[in-house]
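The values are calculated or read from the model by the stated rules, or taken from the named source; none is laboratory data. Note that the coordinates shown come from a computational prediction; the quantities given were computed from them, not determined experimentally. All Cβ positions, even for glycine, are placed from backbone atoms using ideal geometry, and neighbour counts span all protein chains on display.
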Amino acid sequence: MTRLFNDPNDFPEEARLGLVAAHRDKLMAVPGGVVRSTRSQPDSVAVVVGGGSGHYPTFAGLVGQGLAHGAVMGNLFCSPSAQQVYSVAKAANNGGGVLLSFGNYAGDVLHFGEARERLIADGIPCEIVLVTDDVASAPLAELDKRRGIAGDLTVFKAAAAAAEKGLSLEEVVQVAKEANRCTRSFGVAFEGCTLPGAADSLFHVPEGRMAIGLGIHGEPGISETDIPSADGLAEILVARLLEEVPDGIRLQGARVAPILNGLGTIKYEELFVIYRKVDELLQEAGLSIVEPDVGELVTSLDMAGVSLTLFWLDKDMEPLWTAAADAPGYRKGSVTPAQALDPAEVEVVTQDEIPEASDASRKLACGVVESLEVLANTVNENCEMLGQIDAVAGDGDHGIGMQRGSRAALEAAKEALDGGAGAETVLQWAGQRWSDEAGGTSGAIWRVILKAMGESLGNEKPLSGQRLAAGVVNARQQVMAFGKAELGDKTLVDVLVPFADALSWEAEKGQGALACWESAARIASEAAEATRQLIPRVGRARPLAEKSVGTPDAGSVSLALIIQALIPVLKKCQAS
């Protein structure tokens, strides 16, 4: 259990600031994460990593000389927002382009991808390399669908060492891709982790049993077995990874860097007992071991679990693995201390100004804020239920993420309204803050929804049924283009599409905003219920797809609840 915290909502930010305070010689806080506080070689590639908080020393603890130049820090187990990625990358940029690297999770792919487009538009060359080392999350034939777990370290380390050598962005990208190709990881868990303030773990493993193929965000394993001895566990881990020696590597005489990783509550002594047998088994297989790591490197708060990573080395990759590094959470060899960086030299991204709006739009903006308040209250009332639905095959944080995001969106909307904003600006500010505070796939999607609605409502005209329907249709189109989910994938799209179609149909008949919404809301509720029978084809629930049959999709349920809850607000707007 995570015992020490103040307000649970402030936990990630307070942890970030505390980390920087403890390591000012290496880290500097910037909006969205941290960057090196030391000067890097001008015109060199900046390696920026990131993901959800709760995995220390990954990600922020891996920022320093010989390792990453910056780390984007999302909320607990939630991907950072595109704005946060953009902010950290701008601050870390040395003039030689930016490599963004992170684990292969849907929310991270969406947010980092959008940030890359923004950086390129600013004239900053930027590329992405996903980490896909988890052998349990997809078969070898679907390598691109695998998750990134403790193999993050090998990819980040190799790429950063290549950047330190002065290689070009194209060359650093090739190094990172090759490091990922040559990395395999496999893990187990004995008990789930507990988020600060939560009453229970994200998942439980029966007494005396072990979950096989865990995720690092509280996702349950893909199967269970009795807990073996330490030697027995070593045999399971090694045997599974030796089934997948990367192409081009001959097992006998190969050189490999093993990483035995503890996920939060497995003690170092236990890890050493396991590693003793791992080392023996690898040598028996004819392998030469190079600078192994044993310890907590990619954690999951207080999860009781262990993973083994094998990083297969060649003459080019080995020097990158053994190169010196000095970061708060990882040290290797000895680096020549770099000159401290003046904070004034770091580029900081600021909030946009509020554009002018008509009286009619400012009046509509008041209704938007009221709608967001109803939305936040609805999420708050159903937070626990949404989390329970999500925990069946996912990581159980949908309710908490929605709660965090909707609350932040409401605060931002009120700030914009107080500044004289119209409906479009209020929705844009709300969407951006939702994305920043909640992160994850749902944070990205709700930013897109609110932004799309704002584009259709504008900052000039009052509300109408046609413009309301156009906003939802716009949201449907942008969500599907952004997230790539389709009907039948068991996502929010399975409600958004029929809702948008129904709303548009009613608007074409000349119905008012309230009548359109009431009719379409019934369709949305039915569509959410129908997701019970679907099998997830994308997202974190995909590896445990069969478990979700019979349970509706959490994102679909939350959207349908929100749509229904907004009917009284529309009645009030129509009456006024």
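Summary of values
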{"item": "Considering residues of region 248-284 that are among the hydroxyl-bearing types (Ser, Thr, Tyr) and outside any loop (DSSP other than H, G, I, E, B) only, the residue farthest from HIS55 (Cα to Cα)", "result": "TYR275"}
{"item": "Residues being under 17 Å from TYR105 (Cβ atoms) and of a type outside the set (Gly, Ala, Ser) - total across region 48-65", "result": "5"}
{"item": "Test: residue in region 224-234 that is within 30 Å of PHE77 (Cα to Cα), in a strand (DSSP E or B), at pLDDT below 95 and of a type in the set (S, T, N, Q)", "result": "yes"}
{"item": "Check on VAL245, surrounded by fewer than 20 Cβ atoms within 10 Å (Cβ to Cβ) and closer than 18 Å to GLU296 by Cα", "result": "no"}
{"item": "Extreme residue, farthest from ILE563 (Cα to Cα), among residues of region 461-500 that are assigned to a helix (DSSP H, G or I) and without any contact (Cβ under 8 Å) to a residue 12 or more places away in the chain", "result": "ALA481"}
{"item": "Identity of the residue in region 464-507, basic (Lys, Arg) and under 30 Å from PHE112 (Cα atoms), that ends up surrounded by the most Cβ atoms within 10 Å (Cβ to Cβ)", "result": "LYS490"}
{"item": "ILE354 without any contact (Cβ under 8 Å) to a residue 60 or more places away in the chain and of a type outside the set (Gly, Ala, Ser)", "result": "no"}
{"item": "Conditions (1) at pLDDT below 95; (2) in a loop (DSSP other than H, G, I, E, B): number failed by PHE190", "result": "(2)"}
{"item": "Wholly enclosed helices (runs of 4 or more DSSP H) of region 93-186 bearing at least 1 residues more than 22 Å from PRO57 (Cα to Cα)", "result": "106-121, 169-181"}
{"item": "Residues (in contact with a Leu (Cβ under 8 Å, 6 or more places away or on another chain) and aromatic (Phe, Trp, Tyr)) located in region 266-320", "result": "TYR275"}
{"item": "Single residue of PHE190, PHE156 found to be in contact (Cβ under 8 Å) with a residue 40 or more places away in the chain, out of contact with any helix residue (DSSP H, G or I) (no Cβ under 9 Å at 6 or more places or on another chain), assigned by TED's automatic domain parsing to the domain that holds GLU318 and not β-branched (Val, Ile, Thr)", "result": "PHE190"}
{"item": "Sole exception among (1) under 24 Å from VAL85 (Cβ atoms); (2) surrounded by fewer than 19 Cβ atoms within 10 Å (Cβ to Cβ); (3) in the same structural domain as ILE563 (by TED's automatic domain parsing); (4) touching a residue at least 24 places away in the same chain (Cβ under 8 Å) for MET402, by number", "result": "(2)"}
